[in-house]
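The values are calculated or read from the model by the stated rules, or taken from the named source; none is laboratory data. These numbers come from a predicted model, not from an experiment. All Cβ positions, glycine included, derive from the backbone under ideal geometry; neighbour counts span all protein chains shown.
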Amino acid sequence: MAETADVPARSFPLVGRAPAKCILFGEHAVVHGGPEVLFAVDLYTQVSVRPAEHLSLNGDREPRAHHPYLGPALDRFAPVPPHLEIRTISRIPRAAGLGSSAAFVAALSAALASARGGITRAALAAECFAIERAAQGVGSPGDTSATVAGRWVSLNVGGAEPLWEISDGQRSWPVCRIADPGWSWVIGYSGIPRSTGKAVRAVSERLAAADGASLLERFRSVALRGLDALREVDPEAVGRLMEENHRLLTEVGVSHPRLEALLEAVRPACYGAKLTGAGAGGSIIALPRPGHALEAVRRLTRVGAAAFSVTVAPEGASLLEPPVRTDR
Ligand code: MEV
């Protein structure tokens, strides 16, 4: 494995790092086989792992009980030695629709897989999805694929550069690389945490109704037209389609009055904006007009959002050099 591993074999102590993600088109519909378009964001989670006498996560000695993603990751990689001191540093707001859990899983898994002899990016993406699914019970491999792959990816769309295909035994999601149009983006976090699992289950129920198939078809259509607009590097069209995608997400019940307030505030500086991720709280993504990114950030801050001007993360999950310890 070490010869061809994208994440090479190393020994502990190890530090993994992985980026946030932002969904531009197709969240929720992707769970049911619809196309999704998303990118890795240059906000990172870093996870350092070293052998210890007890398992701990940021000083918590009972971390399996408190952190739903940790147990499945440790079970999957069965680290040797089994007791590890794990510490995290993250710039990604938690439960904000920006993939903080996926980034934690990918950064930790990169470190654990490295200690077990290294891993290819495709295998790491499959492991991370299995871990997220074990913790969350529902969902697609979109978030974990973006944080492992970096840059831009699509799911469930043929024709582009294929990266990998991930299956949960019932459904398969092909994941492809797509080109970066090279724009800057603005994210606004509402401050309202949400549960991905709860939102996914609620939308799944909505899509099981009589008009579910036609709703899914509308999600598919907007994501495919969005992909074309990205390929043509047409920000006006991308902005319009973001708005169309947002109206669909509102129709399936995952907008929120705070998200609507953020969108209303940011729109004058933007080609378009929408909620991103599971919704029902969480964050919005906006495509600012050239020279208006700072104005978009100010507009969001004025209505109480935590706002970030972001670009695309050029690299997915990877290893960092561990810090040198000075206490011995
Ligand atoms: C969550 O970031 C995106 C959803 O589509 C769920 C998923 O794809 O796992 C809502």
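From the set of residues in the stretch 164-187 that are surrounded by fewer than 20 Cβ atoms within 10 Å (Cβ to Cβ) and within 15 Å of the ligand (Cβ to nearest atom), which is farthest from Arg302 (Cα to Cα)? It comes out as Gln170. For the stretch 251-291, filtered to residues that are farther than 18 Å from Cys22 by Cβ, touching a helix residue (DSSP H, G or I) at 6+ places or on another chain (Cβ under 8 Å) and not in a helix (DSSP H, G or I), the residue that is nearest to the ligand (Cβ to nearest atom) is Val252.
Of Ser190, Ser214, all but one fail to be assigned by TED's automatic domain parsing to the domain that holds Tyr271, away from the ligand (no atom under 13 Å from the Cβ), at pLDDT 95 or above and under 30 Å from His292 (Cα atoms); the exception is Ser190.
One line per residue, one yes/no per condition, for (1) touching a Lys or Arg at 6+ places or on another chain (Cβ under 9 Å); (2) at pLDDT 95 or above; (3) among the aromatic types (Phe, Trp, Tyr):
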{"residue": "Met1", "(1), (2), (3)": "yes, no, no"}
{"residue": "Glu27", "(1), (2), (3)": "no, yes, no"}
{"residue": "Val30", "(1), (2), (3)": "no, yes, no"}
{"residue": "Leu38", "(1), (2), (3)": "yes, yes, no"}
{"residue": "Arg50", "(1), (2), (3)": "yes, yes, no"}
{"residue": "Pro72", "(1), (2), (3)": "yes, yes, no"}
{"residue": "Thr88", "(1), (2), (3)": "no, yes, no"}
{"residue": "Ala102", "(1), (2), (3)": "yes, yes, no"}
{"residue": "Ser109", "(1), (2), (3)": "yes, yes, no"}
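Applying a threshold of 6 Å to beta carbon distances and a minimum spacing of six or more residues, or different chains, the list of pairs starting in the stretch 12-23 at a residue that is within 21 Å of Ser114 (Cβ to Cβ) and ending at one that is surrounded by 24 or more Cβ atoms within 10 Å (Cβ to Cβ) and not aliphatic (A, V, I, L, M) reads Leu14/Ser114; Ala18/Thr45; Ala18/Thr147; Pro19/Thr147.
On the stretch given as the stretch 27-59, residues that are in a strand (DSSP E or B), within 16 Å of the ligand (Cβ to nearest atom) and surrounded by fewer than 24 Cβ atoms within 10 Å (Cβ to Cβ) total 1.
Arg94 meets all of the listed conditions (1) within 15 Å of the chain's Cα centre (by Cα); (2) crowded, with 18+ Cβ neighbours inside 10 Å; (3) not polar (S, T, N, Q) but one, namely (2). Cβ-Cβ contacts under 9 Å between residues 6 or more apart (or on different chains), taken from a first residue in the stretch 197-221 that is farther than 17 Å from Asn156 by Cα and touching a residue at least 40 places away in the same chain (Cβ under 8 Å) to a second residue that is of a type in the set (S, T, N, Q) and not in a helix (DSSP H, G or I), are listed as Val200/Ser140.
Scanning the stretch 137-163 for residues that are within 16 Å of the ligand (Cβ to nearest atom) and without any contact (Cβ under 8 Å) to a residue 60 or more places away in the chain, which turns out surrounded by the fewest Cβ atoms within 10 Å (Cβ to Cβ)? Give the derivation first.
Filtering the stretch 137-163 for residues within 16 Å of the ligand (Cβ to nearest atom) gives 137-149, 152-157.
So of that shortlist, the ones also without any contact (Cβ under 8 Å) to a residue 60 or more places away in the chain come out as 141, 144-145.
Values: Pro141: 28, Thr144: 32, Ser145: 32.
Per the criteria, the residue is Pro141.
If you scan the stretch 271-289, which residues turn out to be under 16 Å from the mean Cα position of the chain (by Cα) and aliphatic (A, V, I, L, M)? Correct list: Leu275, Ala278, Ile284, Ile285.
For the stretch 169-183, the condition holds for at least one residue, the condition being that it is of a type in the set (Gly, Ala, Ser) and touching a residue at least 40 places away in the same chain (Cβ under 8 Å).
None of Leu24, Leu43 is more than 18 Å from Trp173 (Cβ to Cβ) and of a type outside the set (Val, Ile, Thr) except Leu43. Counting only helices (runs of 4 or more DSSP H) that sit completely within the stretch 83-182, those holding 3 or more residues that are hydroxyl-bearing (Ser, Thr, Tyr) correspond to 100-115, 142-149. Checking each residue in the stretch 180-201 for being in contact with a helix residue (DSSP H, G or I) (Cβ under 7 Å, 6 or more places away or on another chain) and of a type in the set (A, V, I, L, M, F, W, C) picks out Trp183, Val186, Ile192, Val200.
So which of Leu294, Leu248 is within 16 Å of the ligand (Cβ to nearest atom), in a helix (DSSP H, G or I) and in contact (Cβ under 8 Å) with a residue 12 or more places away in the chain? Even if it seems obvious, please write down each step before you answer.
Working: Leu294 fails: within 16 Å of the ligand (Cβ to nearest atom).
Within the list Leu294, Leu248, the selection yields Leu248.
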